[in-house]
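For reference, the structure discussed in these notes is given below.
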């Protein structure tokens, strides 16, 4: 009986130790959320909103951000046929570890070449613009994806940016 208890305890402890180091699983969405996903250069449509990422540039630190960080600048096209406006604040960059990076329209040296997304894209409108994300350089290898998440319409679109390698470092 004691041997069985010791073996059971050992197996339980090993299982707990193995689970403690596991990376986070997929993020669970509420059951009433709508979800769509796609890849670079493909249009992803959901609830009347179409998002397409046509290009991604990576720029090294220009001295305005901390060492070890880079700028990730996707070019995003949005078409809205939904009653609810698409806000430029609904876009984030997410890595495979569920770290989220907000879009910043910063004063950067390459800013003259960027197009700014309007505050809101109303029904029947479309826009192509750049978002500027400041991320750790290590995140370039963490399966980054552009996320549009609307809590008003309960919709989420993820667009995988592909392998960004170590560019810009």
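No value in this document is a laboratory result; all are computed from the given coordinates. Every value quoted in this text rests on a predicted model; they were computed, and no experiment measured them. Glycine also receives a Cβ, built like all others from the backbone with ideal geometry; neighbour counts cover every protein chain displayed.
Highest mean packing first, where packing is the average number of other Cβ atoms within 10 Å per residue, the peptides 155-161, 113-119 line up as 155-161, 113-119. Its alpha carbons considered, segment 42-169 gives a radius of gyration followed by a Dmax of 14.3, 43 Å. Could you state the number of Å between the C-alpha centres of segment 27-85 and segment 92-169? A separation of 5 Å, based on Cα centres. Listed from fewest to most Cβ neighbours within 10 Å, the set 144, 154, 46 follows the order 154, 46, 144. The percentage of C-alpha pairs in segment 115-154 whose separation is greater than 13 Å is 71%.
Taking other C-beta atoms within 10 Å as the exposure proxy, 32, 62, 149 rank 32, 62, 149 from fewest upward.
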